[in-house]
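See structure below.
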2 protein chains.
Amino acid sequence: MNVVWHTHAITKQTRAERLGQTPCVLWFTGLSGAGKSTIAGKVEQRLFEAGALSYLLDGDNVRHGLCGDLGFSDADREENIRRVGEVGRLMVDAGLIVLTAFISPFRSDREGVRALLEGGEFLEVFVDAPLDVCEGRDPKGLYRKARAGEIPHFTGIDSDYQAPESPEIHLDTARHTADECADRVVAHLRERAYLR
Amino acid sequence: MNVVWHTHAITKQTRAERLGQTPCVLWFTGLSGAGKSTIAGKVEQRLFEAGALSYLLDGDNVRHGLCGDLGFSDADREENIRRVGEVGRLMVDAGLIVLTAFISPFRSDREGVRALLEGGEFLEVFVDAPLDVCEGRDPKGLYRKARAGEIPHFTGIDSDYQAPESPEIHLDTARHTADECADRVVAHLRERAYLR
């Protein structure tokens with residue numbers, strides 16, 4: 001290994017102090033149609049209004065670029081989540097509050113990202129709604145396609161979703177609106193002093 | 001392609017305005033030992049003191065993580081630069097001034113990163129010193145190992161370095177100190193209103 005670690009004078013701590021926030025990753029996980037992107041977008045707006053600096057990574061801004069070489073096989077999905085986790089880690093090091101919105105159905109992948117970060121930096125946000133509710137919403141028409149056999153290995157249809165066992169935040173989007181859920185997330189950040 | 005683009009209400013522009021800076025990538029390129037990391041680290045400190053928010057990506061914080069699956073073959077080096085470029089693009093979208101310090105010997109790889117970004121967002125910084133000067137410095141002992149045949153495809157020894165043809169900033173580190181070079185970079189950013 002011809003690699004040497006450098007230490008830089010400007011650290012995560014100095015950047016976080018400058019920004020007046022505690023950097024972390026809010027990892028939204030849940031079925032397609034559960035509301036991950038919608039709620040994450042609303043959290044992002046609230047954070048901006050509160051003076052925080054955040055960034056939202058989702059399948060849409062990552063799939064075309066950083067992960068543009070990856071498909072939808074199990075191995076490629078795992079690598080997709082790994083790279084997003086690594087970018088999250090770098091952005092946390094930069095001082096940001098990072099939001100990610102990916103189905104990320106496998107517990108081991110999510111725990112892999114948690115392991116990249118320091119204690120308290122990974123907040124798993126379970127965006128929970130029953131399959132029939134998600135399928136009824138079907139905002140992108142993906143369930144319809146999956147039922148028609150046009151999308152193999154679709155989470156909830158012919159591929160497993162492994163629900164978080166003890167998420168930091170559990171949102172029930174069948175009972176609460178996206179705005180209520182976003183408020184819950186921000187309240188959690190305030191209570192635990194991620195926001196000042 | 002089961003991918004749909006979202007637009008988010010908080011944009012690069014709103015984040016950049018909040019931070020009071022124009023996000024960009026300062027892409028430091030040059031031979032091993034030319035001074036890329038040293039100068040980039042000094043620029044980072046000056047930017048922090050000037051109230052800007054920046055982040056330094058280098059082989060050291062990326063090679064172990066995001067690019068930990070890549071080796072040193074030509075194809076892997078190209079993929080390494082591509083991923084760094086994509087992370088740079090995401091961090092620019094987040095509003096940051098991004099510094100990168102990689103040998104990045106191939107013009108086509110660097111131009112590939114430039115093409116990911118919008119006009120004015122990619123600033124190529126040529127950290128220029130003659131091979132014999134870099135080899136004389138040899139801060140990590142890599143030239144010695146390369147001459148001994150222990151590191152194949154070492155840039156400058158048995159692999160090409162394609163110098164930038166019209167870099168935004170050209171630093172001659174054989175004639176100027178690292179502090180002088182860092183001042184040059186910051187002056188460039190001020191003159192062109194990346195910093196306010």
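Cβ crowding within 10 Å ranks A:Y161, A:Y194 as A:Y161, A:Y194, fewest other Cβ atoms first. Cross-link reach is defined here as a Cα-Cα straight distance under 26 Å, omitting same-chain residues fewer than 8 places apart; for A:K140 the lysines meeting it are A:K36, A:K42, B:K12.
Projecting label points 7 angstrom from Cα along Cα→Cβ for A:F48 and B:T11 puts them 0.9 nm apart.
Under 5 Å between amide hydrogens, which residues at least 5 positions from B:L57 or on another chain qualify, with H placed 1.01 Å from N in the peptide plane? Amide H to amide H, under 5 Å and 5 or more residues apart or across chains, B:L57 pairs with B:L99, B:T100, B:A101. Looking at the square roots a ≥ b ≥ c of the eigenvalues of the Cα gyration tensor of region B:23-100, which shape do they give, rounded for a/c under 1.5, prolate if a/b is larger than b/c, or oblate? Oblate, because a/c is 1.5 or more while a/b does not exceed b/c.
Using DSSP to define loop residues, name the GluC sites (Glu not before Pro) in region A:100-196 whose beta-carbon has at most 15 other beta-carbon atoms within 10 Å.
Filter output for region A:100-196: A:E118, A:E150, A:E165.
Contact order for chain A, expressed relative to its length and based on alpha carbon pairs under 8 Å spaced 6+ residues apart, stands at 33 percent.
Can you tell me how region B:20-191 classifies by the Cα gyration tensor, rounded, prolate or oblate, using a/c under 1.5 as the rounded cut? Since a/c reaches 1.5 but b/c is at least a/b, the shape of region B:20-191 is classed as oblate.
For B:R107 and B:A148, what does the FRET efficiency come to when R0 = 35 Å and r is the distance between their Cβ atoms, rounded to the nearest 0.05?
That pair, B:R107 with B:A148, gives E of 0.75.
For A:F122, the residues whose amide H sits under 5 Å from its own are A:V25, ignoring neighbours fewer than 5 places away on the same chain, with H placed 1.01 Å from N.
With the Cα gyration tensor of the protein assembly as shown giving a ≥ b ≥ c as the square roots of its eigenvalues, does the rule (a/c under 1.5 for rounded; else a/b larger than b/c for prolate; else oblate) give rounded, prolate or oblate? It comes out prolate by the Cα gyration axes.
From its DSSP helices (H runs of at least four residues, each -39,500 (n - 2.57)), chain A gives a residue-normalised ellipticity at 222 nm of -13000 deg cm²/dmol.
Counting DSSP beta bridges in chain B, what percent are antiparallel, to the nearest 5? Intermediate values should be presented prior to the final figure.
On the way: 1 of 21 bridges.
Around 5 percent of the beta bridges assigned by DSSP in chain B are antiparallel ones.
What the phi angles of region A:108-115 give under the Karplus curve with 6.51, -1.76 and 1.60, with θ = phi - 60°, is a coupling list of 5, 5, 5, 5, x, 5, 4, 5 Hz, glycine and proline written as x.
Each value in this text was obtained by applying a stated rule to the coordinates, not by laboratory testing. Quick caveat, the model's predicted, so the values are computed rather than measured. FYI the Cβ positions are ideal-geometry reconstructions off the backbone, even for glycines, and counts take in every protein chain you see.
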